[in-house]
1. Which of the following residues is in contact with an Asp or Glu (Cβ under 7 Å, 6 or more places away or on another chain), buried (at least 16 other Cβ atoms within 10 Å of the Cβ) and charged (D, E, K, R): 228, 210?
2. Based on this model, can you work out whether residue 151 counts as surrounded by fewer than 23 Cβ atoms within 10 Å (Cβ to Cβ), within 22 Å of residue 290 (Cα to Cα) and either of a type in the set (Val, Ile, Thr) or free of Cβ contacts under 8 Å to residues at least 24 places away in the same chain (or both)?
3. Among the residues of the stretch 133-153, is there at least one that is in a loop (DSSP other than H, G, I, E, B) and either modelled with pLDDT under 95 or over 23 Å from residue 366 (Cβ atoms) (or both)?
4. Is the stretch 52-62 home to any residue that is among the charged types (D, E, K, R), out of contact with any helix residue (DSSP H, G or I) (no Cβ under 8 Å at 6 or more places or on another chain) and at pLDDT below 95?
5. Is it the case that residue 106 is at pLDDT below 95 and either of a type in the set (A, V, I, L, M) or part of a helix (DSSP H, G or I) (or both)?
6. Among the residues of the stretch 162-182, write down those that are at pLDDT below 95, among the hydrophobic types (A, V, I, L, M, F, W, C) and surrounded by fewer than 21 Cβ atoms within 10 Å (Cβ to Cβ).
7. Does the stretch 33-54 contain at least one residue that is surrounded by 19 or more Cβ atoms within 10 Å (Cβ to Cβ), over 24 Å from residue 134 (Cα atoms), of a type in the set (Asp, Glu) and within 20 Å of the chain's Cα centre (by Cα)?
8. It is to be established whether one or more residues within the stretch 191-214 are in the same structural domain as residue 282 (by TED's automatic domain parsing), over 21 Å from the mean Cα position of the chain (by Cα) and assigned to a helix (DSSP H, G or I).
Amino acid sequence: MKIAVIGAKGLPPKQGGIEHHCAELYTRMVKQGHCVDLFARSSYTDCSWFKEDDYQGVRVISLPGWHLRGLDAFVSSALGAIASCGQQYDIIHFHALGPALFTWLSRKATSAKVVVSCQGLDWQRAKWGNLSSQLILTGEKAAVHFAHGIIVVSKDLKSYFLQTYDRQTFYIPNAPAGYGESDQNFTYGKSLNLTPGRYILFLGRLVPEKRPDLVIEAFSTLNPTGWKLVLAGGVSDTKSFSSKLLTKVANHRDIVFAGELRGSRLWEIVRGSGLFVLPSELEGLPLAMLEAMQEGIPVLASDILPHQELINSQRGMLFTSGDLDSCIRSLNWAIRHPTELAKMAKNAQDYVQSNYSWDYITSETLKLYTAVLSLVICYLSFN
């Protein structure tokens with residue numbers, strides 16, 4: 001098959017779940033003999049316009065882009081849809097609902113089958129203004145109308161599309177990326193004055209819907225002796241929010257802002273943490289949490305439905321979403337019950353290794369491609 005990919009910022013992945021998803025998925029497809037072109041943003045790849053690069057067999061084509069909030073994604077997606085029109089692709093796969101705004105073009109101007117992946121209801125994210133949110137919501141409706149197949153990464157999203165649009169979707173979850181080797185001497189962690197197993201980790205973009213402010217408030221109130229809180233992640237399109245957040249914690253000696261971590265430093269900090277906390281109010285299926293679970297790190301998360309798909313009382317802890325007191329109580333219990341927490345972490349690790357595999361995801365995605373190409377779609381076979 002000849003496949004075009006639109007909506008990812010680029011490869012190799014630097015930050016963002018979609019980019020890591022594409023890196024895992026399409027390199028596997030290439031190894032199976034398929035041809036994959038990924039239309040990227042030059043602002044992300046730092047390449048000249050229309051330059052082509054190879055990433056483990058995936059052809060990465062850098063399209064014009066600008067470092068402008070919101071605009072870059074829409075422009076590169078539109079250009080990707082236009083560029084894909086003359087290439088005789090079998091599949092044009094849009095990732096995320098914003099880029100799906102241009103599915104109409106692929107559907108009308110090509111013979112390719114159109115697939116859309118929904119990682120979350122992006123129009124609900126606080127970083128977008130009213131206009132951007134409306135455009136993303138329009139992209140969602142375009143996906144429903146023009147896509148031959150829609151992939152969702154959680155059962156909650158599957159229910160949403162069925163209830164809202166009476167549209168069947170294909171549930172294919174995410175999977176965690178495999179970590180490489182990290183420094184067993186914990187050198188980078190020590191440079192941050194951290195002690196292995198004695199810090200709580202928030203890993204994710206510093207955006208309102210992920211609620212880093214809630215875990216900061218809970219930690220500051222609890223003030224557990226001998227423990228630190230580490231915030232690791234980029235600022236995305238919410239510099240005002242993140243600036244206020246960092247100003248708030250600047251003088252707190254037990255709260256560490258590590259910034260955006262990659263590679264061995266990221267793996268070292270995750271593996272050294274005593275507790276992984278994700279207080280999000282909006283998620284699709286969080287890769288960072290899956291990776292922490294895979295590494296055997298205990299998890300505390302808000303009780304939103306996507307988190308409930310991963311965490312139960314045997315595999316971790318959930319607190320009431322947005323509830324400070326509930327978060328404080330859960331943090332306190334976790335710190336005081338390390339033995340019980342370790343058992344939960346082992347159960348969670350076994351669960352992820354048994355149920356979330358990139359080879360399985362690749363197989364299911366290719367199965368969907370084959371189905372839409374043959375116009376024989378049996379919904380039950382994918383769910």
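1. Going through 228, 210 in turn, the sole match is 228.
2. Here the answer is no, as residue 151 does not meet what is asked.
3. Looking for residues that are in a loop (DSSP other than H, G, I, E, B) and either modelled with pLDDT under 95 or over 23 Å from residue 366 (Cβ atoms) (or both), one finds at least one in the stretch 133-153, hence yes.
4. Within the stretch 52-62 (the criterion being among the charged types (D, E, K, R), out of contact with any helix residue (DSSP H, G or I) (no Cβ under 8 Å at 6 or more places or on another chain) and at pLDDT below 95), the answer is no, since none of the residues qualifies.
5. No, not satisfied.
6. Matches in the stretch 162-182: 177 only.
7. Among the residues of the stretch 33-54, not one is surrounded by 19 or more Cβ atoms within 10 Å (Cβ to Cβ), over 24 Å from residue 134 (Cα atoms), of a type in the set (Asp, Glu) and within 20 Å of the chain's Cα centre (by Cα), which makes the answer no.
8. Yes; the residues of the stretch 191-214 include at least one that is in the same structural domain as residue 282 (by TED's automatic domain parsing), over 21 Å from the mean Cα position of the chain (by Cα) and assigned to a helix (DSSP H, G or I).
The values are calculated or read from the model by the stated rules, or taken from the named source; none is laboratory data. From a predicted model like this one, the values you see are computed outputs, not experimental measurements. All Cβ positions, glycine included, derive from the backbone under ideal geometry; neighbour counts span all protein chains shown.
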